[in-house]
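The values are calculated or read from the model by the stated rules, or taken from the named source; none is laboratory data. These numbers come from a predicted model, not from an experiment. Glycine gets a Cβ as well: all are built from the backbone with ideal geometry, and neighbour counts include every protein chain shown.
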Amino acid sequence: MKRYSDMEYLRLSKWQKFVYKLVSFLVGIPLGIGHFFQKIGIAIKDGFLKIVAEFKDIGVTFIHGDWKTKVSYVVMGFGNIARGQVLRGLLFLLFEAVFIFYMITTGGYWLSKLDNLGDQGPVEVYDPVFDSYKTEYHDNSFKILLYGVLTVFFIVAFIYTWRVNVKQNKISEEIIRSGKKLRSGKDDLKSLVDDQFHKTLLALPLVGILVFTVLPIVFMVLVAFTNYDGSHNGYSNALFTWVGFKNFGTMFSWEVNTAAGLQSYSATFGEILVWTLMWAFFATFTNYFLGMGVAMAINKKGIRLKRMWRTILVMTVAIPQFISLLYVSKMFAQNGLINQMLMGMNLIKNPLPFWTDAIWARVTVIIINIWIGIPYLMLITTGILMNIPADLYESAKIDGASGWKQFTKITLPYMLFITGPYLLTSFTGNMNNFNVIYLLTGGGPTNAAASGAAGSVGYTDLLITWLFKITTGGDSQYYLASVVGIMVFVVVALISLVVYNVLPSIKNEEDFQ
Amino acid sequence: MASVKLTGVKKIYDNKVVAVHDFDLDIKDKEFVVFVGPSGCGKSTTLRMIAGLEDISEGTVEIDGEVVNDLQPKDRGIAMVFQNYALYPHMSVYDNIAFSLRLSKVPEDVVYDKVTKAAETLGITEYLMRKPRALSGGQRQRVAIGRAMVRDSKVFLMDEPLSNLDAKLRNQMRAEIILLREKLDTTFIYVTHDQTEAMTLGDRIVIMKDGYIMQVGTPTEVFEMPKNLFVAGFIGAPQMNFINTKLINEGGKYYVTPFGVKLPVEGEKAEMLAAKNVQTRDIVLGVRPEHIRLAEAGEPAIKTKLLVNEMMGSEIHLHVSTEDETRLIVRIPTVDLSKEERNAMVAGHELSVTFEGKVMHFFDPESSENLLV
Amino acid sequence: MKNEKRHMGLKAANRLSNTAIYILLVIISVIWLLPFVFILFQSFRVESTWQVGYIIPQQWGLQNYINLWNSDFKRWYLNTFIIALVSAVLVTVIQLCMSYTLSRFRFKMRGPLMRFMLILGMFPGMLTMIILYRVLADIGLTQANAVPGLILVGVASSGMGYYVSKGFFDTIPKSLDEAARVDGATRFQVLYKIILPLAKPIVIYTILTAFMGPWGDFVFARYVAMGTSAGYNVAVGMYSWLTADQINNWYTTFCAGGVIVALPVTILFLCLQKYYVEGVTGGAVKG
């Protein structure tokens, strides 16, 4: 592709400029993605070099360190205690003790079973006393996987702490050599509300995220590589075990032989993905532009009662969504308020198929989503609209711009520039907008053609509601849900990547900063 | 009251950008030192490193002989005035000034005495109960200074304290800072981008560019003997004129030949050149606008054409163009010209100018260093 | 003369467009408010409990509210209220810790941490429901004990939602922190004496959103309660009234419940609306 210099670009016609920009954008996508992977490669290389450097430093510290340092390699915190930093040292020692105790008592067990998630499933045992069979339970794959992952986390934390312990010895030695004083335990405690205050503040939130977000996500990603489902629940009926990439194969092969006959997961996936993207696009941009429109209407000079109009809209934000969504969903049902009223007025003979026809349902959810979304967007855009410098409009007016031109040349570029990141998160948020779809349609109406592969699928099902249906459906194919979840992640990540890496380059022109 | 010593101080940001290179400076007790330079030269970064608001990447900062690199700002015995004042918006003026005293658990009646005394000194007593947003720029500035005053600190740091004020107020506050300095009798480090402030306030001036120190000296030193082209151009307004020309050594006698006019070097400058035994060579000749004068008849003179005539009141700035279209600025006291002469000074008017041999500056065109330093 | 005429033209055009906008705003207001008016009316309808084709009840009465009182709704309401109250406190603390730190401190792991959380956020939360349920089940916090379980999970993962308040903290000039630190404040004192008083709008915003969230919490709450009515929150409980086999008995009661749920939240919201708007639009600190 030919690159124009600035001067050449300026001589292009409007149409040529547009084509040039479009081509630059499209060319930019693979370049941007390539660049991203290149960055990842560099990061991996740097990481590797860093690890090598760490090992070297560990060795060097050992060779040059005094005996206190050397003992600390085995007894964590010894160096700290010996040099007078008792509090720190005791904490290190305590951590080591807890770690060793945990590994011996339980951690070792979970770790040893992690390779095939348990050996012995439940067995029927004959009980001669009662002359009956009863089930004896043994390994629990679910717990093995969960606590195995937790144990791995713990080991990583231990290695890191051990490394910090070694490093501290080195630093302490240096400080003592230079004749300065080490920080006392009291200093350490004081620094927790001062220069180390961020550690205090972050401790609790990060532990929460680690245990209740990171751990579950790691677990569920791993589930995609097992055969965990309703009939292999890991304990009471059968164990589950690793199956490698088989589930991904199932999802992406065109036809799969199942008990219910030949089925195509990839067709179902594709169909739902297309609708998910369509939905996210419409949901995001209808709300965005209409919300901006309402905000501009209320903001217009000379419109009175601005506060009242805003309050009316904002009030609907306060009402919990499940009430408004469920109510509206029933309002549009076959025998709901709307249909009954219209029929009562003899405007229609048969109820309108709001939720029973594929197209009607899709359009209706988008429209109801506008009803839900406009107040938020109105609020967000109001603030930004008021921040657009008034002199931009004044100068545009003097230059002879009409109202419409002012909108397309000033308001819109400014808004897009400021709200770019918001639009992205809003788009991905809508892809995962479970509540609106589930409470309005429950995914329906049923899409017979796509259903079957993994239970019943509807025309308004998003990937996220499909995922939900798979997990809660008849055979609870958790492994499949996990694959779908990973695919959702991949799609969201790809979109974010493209937007982050490519958009700024063509947005530079509209730099309002 | 303390000395401040910076040794090999360096600031490297995470993205490997070096903001300050090997900064060495010895600030004596009770000295008023001004860091001056264009934006991005590292002057504020250096000040913030002294304050402890920025990590020191390399080197040491000593206050009163104690290395303070690892000390928190509050433990360094400093007070600081910020560019945008940084007044706590939710506190009254009184509470703003009292904040630091209360943090160090000073008894309330001592706080009262100190705050009211500082307020009196600064003339803001009547505003003590107001919130900062109800104050004008100048008043906010005074509150910020008051807040720093009550700390009884060893070193007083000021980061462009006047740059948010209008020109008139700035002149007024400048005078007050000089008075304040006499009252406080402590070490001052003052950052500004304005050379006038630097010249009028500083005992010594540190001129910086791109993270390097260009020159350290008293205002007179940097004005009379700028170390390089940058300092020569930065200090003094309007800017010094630079002319690419030749220095000629004719048997121990020196001449310069700007625009083909041969002018002798005289006085101290000639002696210094001789002492260094400088030979004939290319130079950048520097002459300050106030040192150029209109030539009298018969004198060797540079022929120029007037482009713009700026009447400044007490003086006139003439922007002139030589035959090879080099621009020069000439600054003439208004009283030196008769009314007729002034009226004749319109664009296109031909002027012959010249300058004395003792006011010339000679710079190496390659290294841009002053030949005589 | 000519000028004056033009001037009048401008004014008339303006009046026309303003009238159009007023009409538009009235229509919008009606559309936005009508469903809620419907709910209110139907909650007082006593002649039938199923969906009908008219809005104004033929017979007014409080029967639906009495039904509500006699159902498990009280329990659900209490459950939700407890969750909302506790979350409002804990979530606010956690989010403010997180956002303040990420806005103010520059430590080595800051960038990687923020990137890591961005990536975590791209995984659908739904995915982790199964395991969170099992973990809660293991420590006995499901079904009838769903309330502490929901609080635990909600609070623990709330650190990820730091963006809005971080945006607010970013607008408070950093030089205030620096001035306070020079004045002798520890980092903790900076937060407590300088930043928090200035952050009132965002604190209230965070409390408000954290309080409102649990009223609409549905999927996970249903999963955790697993069919045990004592562990339902209002959303899960009232959803069970609208299933195909229940709706004809419970439709109007649902409307009454909706009113009871929406009323306090809406009133609270309207009182604190100013802060909500300020939070959403990322208001700047004046000073």
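Would you check if there is a residue in the stretch A:71-79 being of a type in the set (A, V, I, L, M, F, W, C), modelled with pLDDT of 85 or more and touching an Asp or Glu at 6+ places or on another chain (Cβ under 9 Å)?
Yes, that holds for at least one residue.
Residue by residue through the stretch C:182-206, note down the ones that are over 30 Å from the mean Cα position of the chain (by Cα) and surrounded by 23 or more Cβ atoms within 10 Å (Cβ to Cβ).
C:182, C:183, C:185, C:187
Out of the stretch A:434-452, which residues are modelled with pLDDT under 85 and either in a loop (DSSP other than H, G, I, E, B) or touching a Leu at 6+ places or on another chain (Cβ under 9 Å) (or both)?
A:442, A:443, A:444, A:445, A:447, A:448, A:449, A:450, A:451
Condition check: among the hydroxyl-bearing types (Ser, Thr, Tyr), touching a helix residue (DSSP H, G or I) at 6+ places or on another chain (Cβ under 7 Å) and at the interface with chain A (Cβ under 9 Å from one of its Cβ atoms). Does residue C:232 satisfy that?
It is false that residue C:232 is among the hydroxyl-bearing types (Ser, Thr, Tyr), touching a helix residue (DSSP H, G or I) at 6+ places or on another chain (Cβ under 7 Å) and at the interface with chain A (Cβ under 9 Å from one of its Cβ atoms).
Among the residues of the stretch B:165-182, is there at least one that is in contact (Cβ under 8 Å) with a residue 40 or more places away in the chain and polar (S, T, N, Q)?
no
Which helices (runs of 4 or more DSSP H) does the stretch C:17-125 wholly contain that include 2 or more residues that are away from every other protein chain (no Cβ under 12 Å) and touching an Asp or Glu at 6+ places or on another chain (Cβ under 6 Å)?
Counting at least 2 such residues, we get no helices (runs of 4 or more DSSP H) at all.
List the pairs whose first member sits in the stretch C:237-259 and is within 15 Å of residue A:325 (Cβ to Cβ), whose second member is surrounded by fewer than 16 Cβ atoms within 10 Å (Cβ to Cβ), and whose Cβ atoms are under 6 Å apart, counting only residues at least 6 apart or on separate chains?
Pairs found: none.
Let me spell it out: the conditions are (1) surrounded by 20 or more Cβ atoms within 10 Å (Cβ to Cβ); (2) closer than 21 Å to residue C:210 by Cα; (3) at the interface with another protein chain (Cβ under 9 Å from one of its Cβ atoms); (4) of a type in the set (A, V, I, L, M), and residue C:150 meets all of them except one. Which number is the exception?
Among (1) surrounded by 20 or more Cβ atoms within 10 Å (Cβ to Cβ); (2) closer than 21 Å to residue C:210 by Cα; (3) at the interface with another protein chain (Cβ under 9 Å from one of its Cβ atoms); (4) of a type in the set (A, V, I, L, M), residue C:150 violates only (3).
Residue check: is residue B:284 assigned to a loop (DSSP other than H, G, I, E, B), touching a strand residue (DSSP E or B) at 6+ places or on another chain (Cβ under 9 Å) and hydrophobic (A, V, I, L, M, F, W, C)?
Taking the combined requirement at face value, the residue does not satisfy it.
Do the conditions hold for residue B:132, that is, is it within 22 Å of the chain's Cα centre (by Cα), in the same structural domain as residue B:93 (by TED's automatic domain parsing) and under 26 Å from residue B:102 (Cβ atoms)?
Taking the combined requirement at face value, the residue does not satisfy it.
Which residues, counting only those in the stretch A:387-418, are facing chain C (nearest Cβ under 10 Å) and either among the small types (Gly, Ala, Ser) or closer than 30 Å to residue A:324 by Cα (or both)?
Answer for the stretch A:387-418, where residues must be facing chain C (nearest Cβ under 10 Å) and either among the small types (Gly, Ala, Ser) or closer than 30 Å to residue A:324 by Cα (or both): just A:403.
Can you go through A:23, A:19 and tell me which one is loosely packed, with under 13 Cβ neighbours inside 10 Å, touching a residue at least 12 places away in the same chain (Cβ under 8 Å) and part of a helix (DSSP H, G or I)?
After ruling out the rest, the residue left standing is A:23.
So which pairs qualify, if the first residue must be in the stretch B:65-94 and facing chain C (nearest Cβ under 8 Å) and assigned to a helix (DSSP H, G or I), the second must be surrounded by 18 or more Cβ atoms within 10 Å (Cβ to Cβ) and of a type in the set (Gly, Ala, Ser), the Cβ gap must be under 8 Å, and the two must be at least 6 apart or on different chains?
B:73/B:51; B:73/B:52; B:74/C:184; B:74/C:185
Give the residue, chosen from B:100, B:57, B:104, that is crowded, with 22+ Cβ neighbours inside 10 Å and closer than 30 Å to residue A:181 by Cβ.
One residue alone meets the criteria, B:100.
Which residue, of C:170, C:183, C:138, is over 30 Å from residue B:154 (Cα atoms), of a type in the set (Asp, Glu) and more than 12 Å from chain A (Cβ to nearest Cβ)?
C:170
Given the conditions (1) over 20 Å from residue B:3 (Cβ atoms); (2) of a type outside the set (Gly, Ala, Ser); (3) part of a helix (DSSP H, G or I), report the number of the one that residue B:181 does not fulfil.
Looking at each condition in turn, residue B:181 falls short on (1).
Give A:116, A:80 a once-over and let me know the one that is out of contact with any helix residue (DSSP H, G or I) (no Cβ under 8 Å at 6 or more places or on another chain), touching a residue at least 60 places away in the same chain (Cβ under 8 Å) and surrounded by 12 or more Cβ atoms within 10 Å (Cβ to Cβ).
A:116
Would you call residue B:61 within 16 Å of residue B:160 (Cβ to Cβ), at pLDDT 90 or above and either in a strand (DSSP E or B) or more than 14 Å from every other protein chain (Cβ to nearest Cβ) (or both)?
Spelling it out, it is not the case that residue B:61 is within 16 Å of residue B:160 (Cβ to Cβ), at pLDDT 90 or above and either in a strand (DSSP E or B) or more than 14 Å from every other protein chain (Cβ to nearest Cβ) (or both).
Under 26 Å from residue C:126 (Cβ atoms), within 8 Å of another protein chain (Cβ to nearest Cβ) and in a helix (DSSP H, G or I): is that true of residue C:254 in this structure?
Yes, satisfied.
Please tell me if residue B:17 is without any contact (Cβ under 8 Å) to a residue 60 or more places away in the chain, surrounded by fewer than 16 Cβ atoms within 10 Å (Cβ to Cβ) and of a type in the set (Val, Ile, Thr).
For residue B:17, the condition - without any contact (Cβ under 8 Å) to a residue 60 or more places away in the chain, surrounded by fewer than 16 Cβ atoms within 10 Å (Cβ to Cβ) and of a type in the set (Val, Ile, Thr) - is met.
Could you pull out the residue among B:238, B:300 that is surrounded by fewer than 13 Cβ atoms within 10 Å (Cβ to Cβ) and assigned to a loop (DSSP other than H, G, I, E, B)?
B:300
Being more than 7 Å from every other protein chain (Cβ to nearest Cβ), buried (at least 21 other Cβ atoms within 10 Å of the Cβ) and either more than 14 Å from residue A:377 (Cα to Cα) or among the polar types (S, T, N, Q) (or both) is the filter here; which residues of the stretch A:287-328 pass it?
Scanning the stretch A:287-328 gives A:287, A:325.
Could you count how many residues in the stretch C:25-82 are over 20 Å from residue A:330 (Cα atoms) and exposed (fewer than 13 other Cβ atoms within 10 Å of the Cβ)?
Result for the stretch C:25-82: 9.
State which residue pairs qualify: first residue under 15 Å from residue A:276 (Cα atoms) and in a helix (DSSP H, G or I) and inside the stretch A:486-503, second residue of a type in the set (Ser, Thr, Tyr) and at pLDDT 80 or above in any location, beta carbons under 7 Å apart, and separation of 6 or more residues or different chains.
Matching pairs, first to second residue: A:492/A:428; A:495/A:428.
Considering only the stretch A:125-141, state which residues are part of a strand (DSSP E or B) and in contact (Cβ under 8 Å) with a residue 12 or more places away in the chain.
The answer is A:135, A:136.
Kindly state which helices (runs of 4 or more DSSP H) lie completely within the stretch A:219-335 and contain at least 2 residues that are hydroxyl-bearing (Ser, Thr, Tyr).
Counting at least 2 such residues, we get A:265-299, A:306-318, A:321-331.
Taking the condition under 25 Å from the mean Cα position of the chain (by Cα) and at pLDDT 90 or above, does residue A:287 pass?
yes
Tell me, which residue of the stretch C:155-167 that is out of contact with any Leu (no Cβ under 8 Å at 6 or more places or on another chain) and surrounded by fewer than 23 Cβ atoms within 10 Å (Cβ to Cβ) is nearest to the other protein chains (Cβ to nearest Cβ)?
C:156
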